Amino acid sequence: MNQPALARHSGWRYYDVAVALFVASLLTANIISVKLIVIGPLTLPAGVVIFPVSYILGDILTEVYGFRYARRAIWLGFAGNVIAVLAIWLTGVLPAPAFWQGQEAYSTILGFTPRLLLASFVAYLVGEFANSSVLAKMKVWSQGRHLWARTIGSTLVGQGLDSLIFIGIAFSGQMAAPALISAIFSQWLFKSLYEIIATPLTYLVVNTLKRVEGVDVYDVDTNLNPFTFGS
């Protein structure tokens, strides 16, 4: 059943589950990204193992429930990230008992610099909202056909902006230009391939949710401004 963007969150059984998984994947990715991993020829932050899941869930939320409710999830994810960062910072600066020897390890693993924090926050908001708005527009343009083109196309844009902004802000001036470009491209390529490989699963979840929830929102008249919450 096709529904307009102002469909209400009434009787939806799995919207909250999707949002919880979205926020959990985001927070997990941010925590584990301190470790670098090697996948084939690529050296990547460990967060790439789970962070693309947030984009897949963002696609599912936008495709099924519409941009309005995807926007709510994105801001909830941002709020959760802020809370986690503040809690990590506060517990890091609070004094520890003399017998506890883990302060240095705590700071190494969970510490952050303002520059990296800014890069992460800006990249997340720009990338997620670009991903969601592109998918919403493509759904209207395509009249709901070719889900694979919408999920992959929106991810190419969203993940591209995320990688460009994060690497650009975090490491500009600290890495030579060729290395910077290589890092941006590597992250974008891996995350995009992740989405492509997961396309059959995305189809399964989207089609199941549409059938079970009885909702399929088209954002024909939705205001796609990230900062507008009422329409």
Residue match in segment 27-46 (condition: under 19 Å from Val122 (Cβ atoms), of a type in the set (Ser, Thr, Tyr), under 15 Å from the mean Cα position of the chain (by Cα) and modelled with pLDDT of 90 or more): no
Contacts under 6 angstrom Cβ, first residue in segment 140-156 being under 19 Å from Tyr65 (Cβ atoms), partner charged (D, E, K, R), 6 or more apart: Arg150/Lys139; Thr151/Asp59; Thr155/Glu195
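Which of the residues spanning segment 190-231 are free of Cβ contacts under 8 Å to residues at least 12 places away in the same chain and under 17 Å from Ala130 (Cα atoms)?
Of the residues in segment 190-231, the ones free of Cβ contacts under 8 Å to residues at least 12 places away in the same chain are 193, 197, 200, 204, 207-208, 211, 223, 225, 227-228, 230.
Answer for segment 190-231, where residues must be free of Cβ contacts under 8 Å to residues at least 12 places away in the same chain and under 17 Å from Ala130 (Cα atoms): Asn223, Asn225, Phe227, Thr228.
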Counted residues, segment 11-47 - those being among the small types (Gly, Ala, Ser) and under 23 Å from Tyr106 (Cβ atoms): 5
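Among the residues of segment 195-203, are any among the hydrophobic types (A, V, I, L, M, F, W, C), over 24 Å from Ile37 (Cα atoms), buried (at least 17 other Cβ atoms within 10 Å of the Cβ) and under 21 Å from the mean Cα position of the chain (by Cα)?
Looking through segment 195-203, none of the residues is among the hydrophobic types (A, V, I, L, M, F, W, C), over 24 Å from Ile37 (Cα atoms), buried (at least 17 other Cβ atoms within 10 Å of the Cβ) and under 21 Å from the mean Cα position of the chain (by Cα).
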Residue in segment 176-186 that is among the aliphatic types (A, V, I, L, M) and within 17 Å of Val53 (Cβ to Cβ) present: no
Of the criteria (1) at positive phi; (2) free of Cβ contacts under 8 Å to residues at least 40 places away in the same chain, which one Ala96 fails: (1)
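Output yes when any residue across segment 157-178 is in contact (Cβ under 8 Å) with a residue 60 or more places away in the chain and out of contact with any His (no Cβ under 6 Å at 6 or more places or on another chain), and no when none is.
At the first step, the residues of segment 157-178 found to be in contact (Cβ under 8 Å) with a residue 60 or more places away in the chain are 158-159.
Subsequent filtering for residues that are out of contact with any His (no Cβ under 6 Å at 6 or more places or on another chain) retains 158-159.
Looking through segment 157-178, at least one residue is in contact (Cβ under 8 Å) with a residue 60 or more places away in the chain and out of contact with any His (no Cβ under 6 Å at 6 or more places or on another chain).
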Condition broken by Ala96, with the remaining ones in (1) of a type in the set (Gly, Ala, Ser); (2) touching a helix residue (DSSP H, G or I) at 6+ places or on another chain (Cβ under 6 Å); (3) assigned to a helix (DSSP H, G or I) satisfied: (3)
Residue in segment 76-88 that is part of a strand (DSSP E or B), in contact with a helix residue (DSSP H, G or I) (Cβ under 7 Å, 6 or more places away or on another chain), without any contact (Cβ under 8 Å) to a residue 40 or more places away in the chain and surrounded by fewer than 19 Cβ atoms within 10 Å (Cβ to Cβ) present: no
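Residue under question is Phe99, and the condition is that it be surrounded by fewer than 20 Cβ atoms within 10 Å (Cβ to Cβ) and in contact with a Phe, Trp or Tyr (Cβ under 7 Å, 6 or more places away or on another chain); does it hold?
No; evaluated as a whole, the condition is false for this residue.
Taking the condition in contact (Cβ under 8 Å) with a residue 12 or more places away in the chain, under 30 Å from Gly144 (Cα atoms) and polar (S, T, N, Q), does Thr62 pass? Lay out the reasoning, then the answer.
On the way: in contact (Cβ under 8 Å) with a residue 12 or more places away in the chain: yes; under 30 Å from Gly144 (Cα atoms): yes; polar (S, T, N, Q): yes.
In short, yes.
Could you tell me which of the residues Ala170, Ala130 is touching a Leu at 6+ places or on another chain (Cβ under 8 Å) and under 30 Å from Val220 (Cα atoms)? Give the steps one after another, and end with the answer.
Numbers: Ala170 fails: under 30 Å from Val220 (Cα atoms).
Of Ala170, Ala130, the one residue that is touching a Leu at 6+ places or on another chain (Cβ under 8 Å) and under 30 Å from Val220 (Cα atoms) is Ala130.
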Check on Ser163, surrounded by 15 or more Cβ atoms within 10 Å (Cβ to Cβ), among the hydroxyl-bearing types (Ser, Thr, Tyr), under 24 Å from Val38 (Cβ atoms) and modelled with pLDDT of 90 or more: yes
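The values are calculated or read from the model by the stated rules, or taken from the named source; none is laboratory data. If you're wondering where the values come from, they're calculated on a predicted model, not measured in any experiment. Note that each Cβ is placed from the backbone with ideal geometry, even for glycine, and that neighbours are counted across all protein chains shown.
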